[in-house]
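S.K.: Below are the C-alpha cells for one structure; questions will follow.
The values are calculated or read from the model by the stated rules, or taken from the named source; none is laboratory data. Here the structure is a predicted model, which means the values were calculated and not measured. Cβ placement follows ideal geometry from the backbone for every residue including glycine, while neighbour counts extend to all protein chains displayed.
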Amino acid sequence: MKTAVLSGWGRVPTVPGVEIRSENLEQLTRNLPLARGLGRAYGDAALPAPGDLAVAGTTLADRVLAFDPATGLITVEAGLSLDDICRVFLPRGFFTPVTPGTRFVTVGGMVAADVHGKNHHREGCFGAHVTSFKVRIGDGRILTCSLTEYPDLFRATIGGMGLTGAILEATFRLSKVPSSWIYEERQRIGGVDEFVDALKAAAPVWPMTVGWIDGLSRGPGMGRGVLFCGRWAEAAEAPRHQPPQLRQVSLPVDFPEMALSPHTVRAFNALTYQRYSASRDGGIVHPYTYFYPLDWIAHWTRMYGRRGFTQYQCVLPHAAGREPVRDCFDLLTRSGGAFLGVIKDCGPEGVGTLSFPMPGISLALDIPMRDATQRLIDGMNELVISAGGRIYLAKDALTRPEHFRAMEPRLDEFLAVRRQYDPDRRIRSAQSVRLFGW
Amino acid sequence: MTLTGGSGARSPCVCLDGDVRRVVILGATKGMGRAVVRKMAARGDRVFLLGRNLEDLRTSVMDLDARAAGAAAGYAECDLERPETFAPALDQAGTALGGIDIVVITAALFASQDALEADAELMRRLLSANFTNTVAFCELARRRLMARGGGTLCVFSSVAGERGRKPVILYGASKAGLTRYLEGLDHKYRSQGLITVCVKPGFVRTSMTAGLSSPPFASDPEPVAERVLRAVDRGQPVVYVPAIWFAIMIVIRSLPRFVMRRIGF
C-alpha cells in the first residue's frame, strides 16, 4: 500500500504522516498533541516530527460557541475557518480584526501563527484581539489562558506554532465594519527604495496597505510594483447589495516546471505593472479580491510544478535603514528571483513570545524549489541577521537552526515555557525538530 | 398553506404551515448532519436537533443560534441504540416545532469490516442500529408525518449497500436493507403524501471515515449538504452524493462476480 504523506502549502517537504480528524478536539488531542488546521503553513510547521506519524486535524471542530453582537466578542472551536466567519458574519457587519492573505485558515492556526495582515501598522497581529483560549498542553491538562491566567503560556501559544499545546477553543473580538465592501487605491511604484517610502507615507493615512512587488526585475526597476491602499467603504459609497459569492476554480494537475519560468513570469509581471496607471486610481472592490487575491484558484500551488516552492518571509527593522531591503532584493534577483513578492510595513511587535512582526519592512517571496534554493535562503538569512530582523515560521521550510537562533533572542524564553508545560517533550513538529532539536 | 402530495418525482417538499419548513434531524451534531442542519437554518428553516449526547446537542444549538438566530427550536436526547428514546424525542420535537414537515436521519454506526468480524457484539450493535432501529425510527416518523397529511423523510443510507463488497460487507448489508425499506416506502406511500429521500453518500471526509485513506472522488460534508437540500426540496427519491458516485455505482453494479471476487473494492 502507498504510504500516506503530508506536506505544507508549498508542497515541500513531504513527510510520512496522516491527519486524523474529529469534531471532538478534546478527545482527539488526548493522544495526538500536534494540531493541524487547513494546512496553509507553507513549510513544515504542521507536519509530524520524524517518528510521530499522525497529527490532529481540527477542521471538523468548527462550531461557534458564543457571539455577542453588542461587543463583537466571539468564542469558537479551533477548527472554524476564516472562510466560514466571513460568510456568516460579513453580511451582518462584522469582520475579523486581522486577516492573513487567505481565508482558508482556521482560527487555531491564526492564533498559532499569530497572523498579520494589511492593517498590521494599525491593528497589530491577530493575537492582539484574542482575549482567551483553551489549550491542551503536553502533560494532558486543558488550561484556559489569557493575559491574566497563565500569561506565560498565553503569550507563548500566540505565534507558538502549536508547540505549547493544541488550541481547542478561542475567544476574540470581531470588528464592526461600515459596509461589506472595500475602497481601494492603487499606485504604481518604480523601485524598492520608493516602495519603502510610499508604505511609510501611506501608513498614517490608510488603515490597510500592501504592495505587490516584482521579484524578477533588476537594475533601476528593481523592486518595482504596485501599492494597494484600502479602507472599508462607508455605507453611503458602497453598493447596496452584499458582495456576490465568487466562483472558485481549481487547478486539477501540476503544471510542468517550464510553465512558471523566469521568462513567463517576467512577461506576466511586466503586463501587471503596465496595467496600473502611473497616477493613482481607486474604486470600490470586492473584499475578497482585496484581501484574498489568490483564493479564487484552489490548489494554485500546483502552478509551481512537482518540485513545489518555498515562501520566504522576513522582516527588516526600520532601524537598519533602507539598505537591507535593497540588499535582499539584490541577492534575490541575482539568484533567480521570486515569482511573487509582497511588501508591507509592520507596526509594533505583538503579544506573542515568538510573534513574527516587528517595526520594519516585511518581504514575502515565493521562490520555486530548485537546486540553489537552499543557498539563496541561507544568504537571505545572513542579511536578515545582520540587519537585526527575523523570519516567519509559518512560511519557513529551509532555515538552519543556527540562523534561527541568531535572529531570535526570544527563543530561550519560548523554550522555557515549552519545557515547563510539556516536560516530557510530547509536542513536536517537523519544524520544531529541525529548528530547536525537539 | 401549501400542501402538495402529488406523485411526480419532482413534487416539492410538503409544507403545512406557510413557508417555514419544520425539520427534525437525528445526527445533527456531526459530519454531514451538521452541514445539512446549518444550511437549513441559514435559509430560514426551523430545526430541532436529536442526538445521544445532550452536552454536544446544546453546543450545536449555540452554534446555530450564533449563525442564524431563532432557527433552532430545541434539542432532545435520542439514541439509535436505544429505541425507547425515539417516541419521546419525536413528540418533544413536534411540540417545540408545532408540527413536523421534514425528518432527516444522518446518524448511524460505522466500523471497519475487520473490526466487525473480530467483535460479534459490535457487529450485532451495528446491524441493529443501522437497520432495525433506524427502520423503527422511520416508522414512528412516518406515522407522525402522515397523520398531518404528509411530509418528507430523508434518510442517509450509503453506496456501500449497492453491492456486496469486501471492505464493507456488514456495514453495507445494513445499508442495503435500509435502502430497500426506503424504496418500498416510496412505492407505497408517495401517493399519500409521504416523500422518501434516500441519500447515498460515497466517501465523505468526516470523523466516521477518519483514519481511512481518502479514495479519488472523496468529498466534504458541505457540498454534500447542498445536494441533499436540493433533493429534499424536489422530493427526489434517491440521491447520490457527490453526483459522480451515481456513475461509479453503475459500473460497480454491472461488474460480474468473478471480478468482484478479485478486486479489493
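S.K.: Wholly within the stretch A:330-430, which helices (runs of 4 or more DSSP H) include no fewer than the required count, namely at least 3 residues that are within 25 Å of A:LYS118 (Cβ to Cβ)?
M.R.: A:373-387
S.K.: A further question follows. Pick out the one residue from A:TYR312, A:TYR290 that is modelled with pLDDT of 85 or more, closer than 30 Å to A:ALA233 by Cα and under 24 Å from the mean Cα position of the chain (by Cα).
M.R.: The conditions single out A:TYR290.
S.K.: Restricting attention to the stretch B:96-113, which residues are surrounded by 20 or more Cβ atoms within 10 Å (Cβ to Cβ) and more than 17 Å from B:PRO201 (Cβ to Cβ)?
M.R.: B:LEU97, B:ILE100, B:ASP101, B:ILE102, B:VAL103
S.K.: Restricting to the stretch B:46-56, and then to whatever is within 21 Å of B:ASP233 (Cβ to Cβ) and in contact (Cβ under 8 Å) with a residue 40 or more places away in the chain, can you tell me which residue is farthest from the chain's Cα centre (by Cα)?
M.R.: Applying the filter and picking the extreme gives B:ARG46.
S.K.: Given the conditions (1) at pLDDT below 95; (2) buried (at least 16 other Cβ atoms within 10 Å of the Cβ), and given that B:LEU116 satisfies all but one, which numbered condition is not satisfied?
M.R.: (1)
The rows are residues; the columns are (1) within 29 Å of A:LEU251 (Cβ to Cβ); (2) buried (at least 23 other Cβ atoms within 10 Å of the Cβ); (3) assigned by TED's automatic domain parsing to the domain that holds A:GLY230.
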residue	(1), (2), (3)
A:PHE309	yes, yes, yes
A:VAL315	no, yes, yes
A:PRO324	no, no, yes
A:THR333	yes, no, yes
A:ASP378	no, no, yes
A:LEU383	no, no, yes
A:ALA397	yes, yes, yes
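S.K.: Within the stretch A:149-157, identify whether any single residue is surrounded by 20 or more Cβ atoms within 10 Å (Cβ to Cβ), outside the structural domain of A:ARG390 (by TED's automatic domain parsing), over 21 Å from A:VAL325 (Cβ atoms) and among the basic types (Lys, Arg), and answer yes or no.
M.R.: Scanning the stretch A:149-157 turns up at least one residue that is surrounded by 20 or more Cβ atoms within 10 Å (Cβ to Cβ), outside the structural domain of A:ARG390 (by TED's automatic domain parsing), over 21 Å from A:VAL325 (Cβ atoms) and among the basic types (Lys, Arg).
S.K.: Taking the stretch B:161-180, which residues are assigned to a helix (DSSP H, G or I) and in contact with a strand residue (DSSP E or B) (Cβ under 9 Å, 6 or more places away or on another chain)?
M.R.: B:GLY161, B:LYS175, B:LEU178, B:THR179
S.K.: Still on this structure: Exactly one condition in (1) assigned to a helix (DSSP H, G or I); (2) small (Gly, Ala, Ser); (3) closer than 21 Å to B:ASP91 by Cβ is not met by B:GLY149; state its number.
M.R.: (1)
S.K.: Does A:VAL135 count as at pLDDT 95 or above and assigned to a loop (DSSP other than H, G, I, E, B)?
M.R.: No; evaluated as a whole, the condition is false for this residue.
S.K.: What tally of residues in the stretch B:184-207 results from selecting those that are within 14 Å of the chain's Cα centre (by Cα) and either in a helix (DSSP H, G or I) or not hydrophobic (A, V, I, L, M, F, W, C) (or both)?
M.R.: Residues meeting the conditions: 4.
S.K.: While we're on this one: What's the number of the only condition in (1) within 18 Å of the chain's Cα centre (by Cα); (2) of a type in the set (S, T, N, Q); (3) closer than 10 Å to A:CYS314 by Cα that A:SER355 fails to meet?
M.R.: Tallying (1) within 18 Å of the chain's Cα centre (by Cα); (2) of a type in the set (S, T, N, Q); (3) closer than 10 Å to A:CYS314 by Cα, A:SER355 fails exactly one: (3).
S.K.: Have a look at B:VAL199, B:VAL204, B:VAL168 and point out the one that is closer than 22 Å to B:VAL103 by Cα and either more than 14 Å from every other protein chain (Cβ to nearest Cβ) or modelled with pLDDT of 95 or more (or both).
M.R.: B:VAL199
S.K.: Moving to a separate point now. Can you give me the ranges of the strands (runs of 3 or more DSSP E) entirely in the stretch A:172-286 with at least 1 residues that are closer than 30 Å to A:VAL107 by Cβ and among the polar types (S, T, N, Q)?
M.R.: A:208-213
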